[in-house]
Structure formats: C-alpha cells, structure tokens
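Have a look at the structure below before the remarks.
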Amino acid sequence: MKFEQYLSSLAGKTVAVIGIGVSNRPLIELLLSRGVTVTACDKKDRSALGAPAKELEEKGCRLRLGEGYLRDLTEDIVFRTPGVRPDLPELTAAVARGSILTSEMEVFFQVCPCPIIAVTGSDGKTTTTTIIAELLRAAGKTVHLGGNIGHPLLAEAGGMGAEDLAVLELSSFQLMTMTRSPHVAVVTNLAPNHLDVHKDYAEYIAAKENIFAHQAKGDLSVFNADNDVTRSFFGRAQGRTRGFSRLREVEQGTFLADSPEGQAIWMSNERGRRMVLPLADIRLPGIHNVENYMAAIAAIDGLVPDEVIRDFARSFGGVEHRIELVRTLDGVRYYNDSIASSPSRTIAGLNSFPEKVVLIAGGKDKGISYDILGPVINDHVKLLILCGATARVIRSSVEGAENYDGLEIMDVEDYRQAVSLARERARPGDVVILSPASTSFDRFANFMERGRVFKEIVNQLA
C-alpha cells in the first residue's frame with residue numbers, strides 16, 4: 001500500500017512540520033507514532049500555543065517557536081503549511097541544502113488509494129465540494145471529505161478503500177506547489193483574490209491551474225463557461241472537459257433551460273440532453289448556488305441518479321457561514337455570510353435576495369479592488385453598516401459609483417454595535433446580513449470565528 005510505503009520511507013529521516021494548527025496536528029501525531037523524528041515549527045511562542053505545545057512535547061516532538069521558527073531548517077523533509085509561501089528565503093535555503101519541501105496535501109495525492117474529486121475557485125468552492133460529497137453519500141458511496149474545507153485526510157489514508165471516493169476543497173495556497181491533479185477537477189470561477197499573499201493575479205491563476213494541469217487523458221475537468229478566465233482553460237486541459245453555464249447551452253455539461261416544471265438544470269453529454277433538477281427544488285437561495293449545483297452535477301454525472309439529486313436539493317440547507325439564516329426576530333431575518341471575504345462573494349450574497357437589505361461589511365484589506373462592489377451595494381442595500389480596516393475603501397466604492405443616490409452609510413466600532421444598530425433600524429420583513437467582503441484577520445482568527453461571534457451576538461438579542 002502506498003501509504004505504508006511512504007511512512008516506511010521516512011525511517012531514519014528527520015522531518016520539520018511548519019505550523020502547529022489543527023490541520024497539521026494529525027500529521028505530526030501520525031509521524032511521531034511511527035517513530036519519526038519530528039520538529040514542529042510555529043511563529044507563535046509557547047504561551048500563545050498553550051496546551052497543544054506541551055502535549056506534542058510529551059509525545060516526543062521537538063519544538064521551534066517564535067520569531068526564528070524558520071531559521072536553520074536542516075531536516076530531510078519539510079512540510080509546508082498552506083499559509084506559508086514556498087519561496088520564503090528560509091525555505092529556499094533549506095531546499096538548497098538538500099531538504100525536500102512538500103505539504104500534507106501533496107503527500108495525500110501520492111498515497112491516496114481511491115479516486116479524487118477536487119474543487120477550487122474564488123467563490124463557491126466549499127458549497128460545491130459539500131454538495132458533491134453529500135450527493136455521493138446519498139447514492140451509497142463511501143466518501144472522505146477534506147482539504148481546505150477543514151479536515152486533513154493524510155493521517156486517514158491508510159483506512160481508505162480503493163472503491164471509496166476522496167472529495168477535496170483546494171485553495172490556491174495548497175495548489176501552488178502541486179505536481180499531481182485529481183481524477184475529477186472542478187473550477188467554480190476565478191476573480192482577483194488573496195493578492196495580499198500572491199504576488200499578482202497571474203500567480204493566483206497559475207496556482208489554480210494546477211488542479212487540472214497534471215491530469216491524464218481519461219480524467220475529467222469541469223469549468224465555468226461563463227467566466228472569462230475559466231473559459232480559457234478548456235483548450236489547455238489534458239483530459240475530458242465539461243462546462244456549466246447559466247447563459248447558454250453547452251455541448252458537454254450543465255446549463256439552464258425551461259422544462260415542464262419551470263426553469264431547470266439540464267445535462268448534455270454524448271447520450272443527449274436531459275432535465276436533471278428544477279430550480280424550484282433547490283432550497284438554497286441565490287443564483288450562485290444554482291451555479292454550485294450545476295458544477296456539482298457536471299462533476300458527478302453517471303455516479304448519482306437524478307432522483308437522488310432532486311431529493312437532496314429539496315432538503316439541503318447549506319453550509320455554516322454561507323448565507324446561513326441565524327434567526328428571525330420581530331419579523332427581521334438575520335443571515336451570517338461570514339465566508340464572504342471578497343467583493344465578488346458579497347455581490348453573490350446580495351443578489352440572493354429580492355429585497356434591499358441591511359448590510360454589515362468590512363474587515364482586513366487583502367489588496368484587491370472594491371470598485372465592482374459599490375454599484376451593487378447601491379442597488380441592493382437600504383442601510384450600510386461598516387467596521388474594520390476596509391470600511392473606508394468600501395465607502396469610497398459606494399459613494400464613487402455612478403448610481404450612488406445618497407445611501408445611508410454608518411461606521412461602528414464592532415459587531416455588537418453593528419447588530420444593535422441594525423436591530424434598531426430594521427423593520428418587519430427586512431433582511432440583515434453580515435457579508436464582510438473582506439478577510440477576518442483584522443480581528444478574528446478566521447471567518448468561522450467571525451461568523452460565530454456574529455451569531456452569538458444576534459442570538460443574544462432579547
């Protein structure tokens with residue numbers, strides 16, 4: 001078995017693992033359990049790491065913590081965490097000295113015994129990944145869900161069967177150094193994102209291309225035919241391709257067309273075209289979620305019966321932090337869309353509602369333009385509440401847009417003030433939505449913590 005062979009190859013070697021977060025701890029513990037000499041490196045000091053640092057030391061792990069955590073990497077193998085660029089001087093120096101630079105995901109691709117379906121994109125990848133995994137499970141398949149969605153799988157590879165399916169969400173940071181591609185690759189869409197980490201948009205796109213760049217002839221890629229960048233991928237893929245489009249019919253893939261049950265998602269392939277899923281059966285709000293279903297259906301066509309897809313769509317309420325209904329209070333619906341860390345994601349959220357909403361936005365700036373957001377806010381928002389580092393640039397995009405007509409914009413210090421103000425101003429029938437259009441790292445560890453704090457505040461309203 002490839003998994004056991006890989007672990008056996010580590011005998012007598014030293015390994016450094018960068019980052020002691022939850023995603024790397026299973027890897028560290030796996031290596032320690034096999035007698036590998038492991039050094040865990042983290043920029044946090046011992047007091048900031050707390051109990052996990054002590055627990056790892058008790059299991060035999062060496063720690064290299066604090067500001068110099070990447071200094072003098074001399075280990076045979078270095079596992080890079082996705083948030084650390086592979087071209088940092090300390091890492092390039094380690095490679096020059098003979099270290100092998102890899103990652104948990106790269107090794108998982110080497111040892112995984114079953115077919116891999118992977119999803120990437122700027123927006124929609126978590127929901128699309130979840131839909132794919134849950135549809136396969138509903139059809140009776142054994143599915144292992146992980147990757148950027150929050151669950152590392154390498155430590156579990158030894159228990160996977162050849163007939164199972166691994167379904168992964170992959171970020172641009174995970175894909176940057178990948179030299180293998182999944183059997184089925186899905187790219188939901190691409191727009192400028194994470195430019196605070198990537199050198200430029202071209203590097204970001206190049207990272208995403210790795211999801212299909214190393215495929216074999218029999219593999220499958222699914223691309224968004226309505227997105228300028230992903231549309232250009234069709235001619236560069238090594239294997240078979242399918243598209244999905246809500247604007248036009250595609251020869252191979254999914255598209256929207258009328259049916260006896262109203263507008264529906266249709267599938268077109270070498271066997272002809274058929275109606276798969278009426279839009280009326282989709283419980284999730286928003287046209288972007290229709291696109292997520294289109295991408296998922298194109299990826300799993302032939303693996304899941306159409307009736308299973310329809311039954312699932314009628315009951316699936318979505319993923320936490322993605323236009324998640326928190327509660328209805330005094331006739332006002334409060335939604336948590338904390339996943340919206342970019343303007344395009346917030347635009348998708350705003351387009352999900354027919355009425356104008358009360359929008360709470362703002363966070364950390366990641367170096368992208370907010371110009372596209374202003375006009376949409378003016379069209380879809382009745383009150384804009386801003387906090388965080390990007391409050392100024394979001395305000396500028398709104399007030400500088402041609403359709404600006406005096407939308408009321410209010411600045412607050414934190415979410416407690418924002419929710420209090422929203423409750424004071426909202427009326428029965430209104431929607432209040434947290435959709436920041438920015439990352440969470442100005443005040444929170446991640447978008448999940450941001451969303452849960454927002455939900456706690458909303459649920460505390462009397």
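Helical content alone sets the calculated 222 nm signal of the chain at -9500 deg cm²/dmol, taking -39,500 (n - 2.57) per DSSP H segment of four or more residues and averaging over every residue. If you take the charge dipole of the range 5-136 about its Cα centre, with +1 on Lys and Arg Cβ and -1 on Asp and Glu Cβ, which of 77, 129, 118 is farthest toward its positive end? Result: 77, furthest along the dipole toward the positive end. For the chain, the Cβ-based charge dipole about the Cα centre amounts to some 560 debye (Lys, Arg positive; Asp, Glu negative; other atoms uncharged). The charge dipole of the range 240-329, taken about its Cα centre with unit charges on the Cβ atoms of Lys, Arg (+1), Asp and Glu (-1) only, comes to about 140 debye. In the chain, a dipole from Cβ-located charges (positive for Lys and Arg, negative for Asp and Glu) runs towards its positive end, and of 37, 168, 461 it is 37 whose Cα lies farthest in that direction. Relative to one another, the C-alpha centroids of the range 106-120 and the range 419-462 are positioned 36 Å apart.
Placing pseudo-labels 7 Å out from each Cα toward the beta carbon at residue 355 and residue 283 gives an inter-label distance of 2.2 nm.
Placing R0 at 45 angstrom, the Cβ-Cβ distance between residue 95 and residue 1 gives a FRET efficiency of 0.95 after rounding to 0.05. Only protein heavy atoms count here; on that basis, with a 1.4 Å probe, residue 461 has an accessible area of about 30 Å². Applying the criteria of a DSSP loop state and at most 16 other Cβ atoms within 10 Å to the GluC sites (Glu not before Pro) of the range 357-462 yields 402, 408, 413. Please list, ordered by chain and number, the residues whose modelled amide H lies under 5 Å from the amide H of residue 144; skip anything fewer than 5 residues away on the same chain. Correct list: 165, 166, 167. The simple Förster model, with R0 at 30 Å and r as the Cβ-Cβ distance, assigns residue 257 and residue 202 a FRET efficiency of 0.25.
I want the local charge near residue 374. Using Cβ-Cβ distances under 11 Å, sum +1 for each Lys or Arg and -1 for each Asp or Glu among the other residues.
-3
The distance separating the Cα centre of the range 1-55 from that of the range 380-415 comes to 45 Å. Computed from label points 7 Å out along Cα-Cβ, the spacing between residue 14 and residue 139 is 4.8 nm.
Rounded, prolate or oblate: which one fits the range 1-120, using the alpha carbon gyration tensor with axes a ≥ b ≥ c (rounded when a/c is under 1.5, else prolate when a/b beats b/c, else oblate)? It comes out rounded by the Cα gyration axes. Counting only protein heavy atoms and a 1.4 Å probe, the range 387-445 has 50 square angstrom of accessible area per residue.
Shape class for the range 174-223: prolate, because the ratio a/c of the largest to smallest gyration tensor axis (alpha-carbon atoms, square roots of eigenvalues) is 1.5 or more and a/b beats b/c.
Extension gain, residue 328 to residue 443: 0.36 nm times the residue separation minus the Cα-Cα distance gives 38.7 nm.
Accessible surface of residue 283, taken over heavy atoms with a 1.4 Å probe and every protein chain present, rounds to 150 Å².
Between residue 320 and residue 58, full extension at 0.36 nm per residue minus the direct alpha carbon distance yields a gain of 90.8 nm. Projecting the Cα positions of 264, 239, 286 onto the charge dipole of the range 225-315 (unit charges on Cβ atoms of Lys, Arg, Asp and Glu, taken about the Cα centre) puts 239 furthest along the positive direction. Which part of the range 230-248 falls in the paramagnetic zone of residue 217, meaning amide N under 19 Å from the point 7 Å along Cα-to-beta-carbon? The answer is 235-242.
In nm, what is the difference between 0.36 nm times the number of residues separating residue 273 and residue 33 and their Cα-Cα distance? Using 0.36 nm per residue and subtracting the Cα-Cα distance, I get 81.2 nm. Sorting 125, 364, 43 by accessible area puts them as 43, 364, 125; the probe is 1.4 Å, largest comes first, and only protein heavy atoms count. At a 1.4 Å probe, what is the % contribution of carbon and sulfur to the accessible area of the chain? Taking all protein chains in place, the chain shows 48 percent carbon and sulfur surface. For 231, 242, 395, the ranking by accessible surface with the largest value first comes to 231, 395, 242, using a 1.4 Å probe. Derived scalar couplings between HN and Hα for the range 127-134 equal 5, 4, 4, 5, 4, 4, 4, 6 Hz in order, rounded to whole Hz, by the Karplus curve 6.51 cos²θ - 1.76 cosθ + 1.60 (θ = phi - 60°), x for Gly and Pro.
The values are calculated or read from the model by the stated rules, or taken from the named source; none is laboratory data. Because the structure is predicted, anything quoted here is derived from the model rather than measured. Quick reminder, even Gly has a Cβ in these numbers, built from the backbone with ideal geometry, and neighbours come from all protein chains shown. Each accessible area value is taken on the protein alone, full model and side chains, heavy atoms only, with ligands, DNA and RNA left out. Shrake-Rupley method; radii C 1.70, N 1.55, O 1.52, S 1.80 Å.
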